[in-house]
Amino acid sequence: YTPARPTGEKLSPWLSLLVLEAPDKGEPGEFEIVERRDPLPALRVTQPSALPPLTQSWACGHVSINEGHASPTEFETFLLSLREPGSVNADRIIARLVSPRELEVDTAYRAFLVPAFETGRLAGLGPDPSAADAQAPAWNGSAAVELPYYFEWYFRTGENEDFELL
């Protein structure tokens, strides 16, 4: 699901996975949690260079289907069934978001699931998004930005235990 128009075969997801250095051992980190919860909790990214470029977000979203189909017609029937609310076929699709960030050894991080488009950012913070361009990105990477988030978690890398090695 996305408000984006495809560029060739590249389609940008409506969500982005941010992985930011967490405040740790007296260091400030790359973000601050904003004290608000309505309509969504929010963070302020204080280090814009830590934000992934949204022009490349199409490479960070992946969808796969857990089974094959005997013919293009059977596959098309499967896809059309997904339009039905409560479709039993919905559980046969897996969507993944990945972060392009290269992680440092022995570093604390927090990951946030955030809207990738300005309309989603505004809706999650409370202002009316109807005047915003539906194609506009939620950030440009040149300034601090406040972002709502849907989910977040904390993790720490170890020595020789990053995602790339795993």
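Tabulated values for the structure
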| quantity | calculated |
| --- | --- |
| Set 91, 106, 133: member being part of a helix (DSSP H, G or I) and acidic (Asp, Glu) | 91 |
| Residues that are touching a residue at least 40 places away in the same chain (Cβ under 8 Å), farther than 16 Å from residue 36 by Cβ and either hydroxyl-bearing (Ser, Thr, Tyr) or open to solvent by less than 20 Å² (accessible area, probe 1.4 Å) (or both), drawn from the stretch 127-157 | 138, 139, 142, 154, 157 |
| Meets criteria (part of a loop (DSSP other than H, G, I, E, B), over 25 Å from residue 148 (Cβ atoms) and open to solvent by 30 Å² or more (accessible area, probe 1.4 Å)) for residue 67 | yes |
| Extreme residue, nearest to the chain's Cα centre (by Cα), among residues of the stretch 136-160 that are under 22 Å from residue 24 (Cα atoms), in a loop (DSSP other than H, G, I, E, B) and not aromatic (Phe, Trp, Tyr) | 144 |
| Residue list for the stretch 96-126, filter: touching a helix residue (DSSP H, G or I) at 6+ places or on another chain (Cβ under 8 Å), touching a residue at least 60 places away in the same chain (Cβ under 8 Å) and either among the small types (Gly, Ala, Ser) or exposed (fewer than 15 other Cβ atoms within 10 Å of the Cβ) (or both) | 98, 99, 116 |
| Residues of the stretch 3-55 classified as of a type in the set (S, T, N, Q), over 13 Å from residue 138 (Cα atoms) and either outside any helix (DSSP H, G or I) or open to solvent by less than 90 Å² (accessible area, probe 1.4 Å) (or both), total | 3 |
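The values are calculated or read from the model by the stated rules, or taken from the named source; none is laboratory data. Keep in mind that this is a model prediction, so the values were computed, not measured. Using ideal geometry, Cβ is built from the backbone for each residue, glycine included, and neighbour counts are taken over all protein chains shown. The area values use the complete protein model at the heavy-atom level, side chains included, leaving out ligands, DNA and RNA. Shrake-Rupley method; radii C 1.70, N 1.55, O 1.52, S 1.80 Å.
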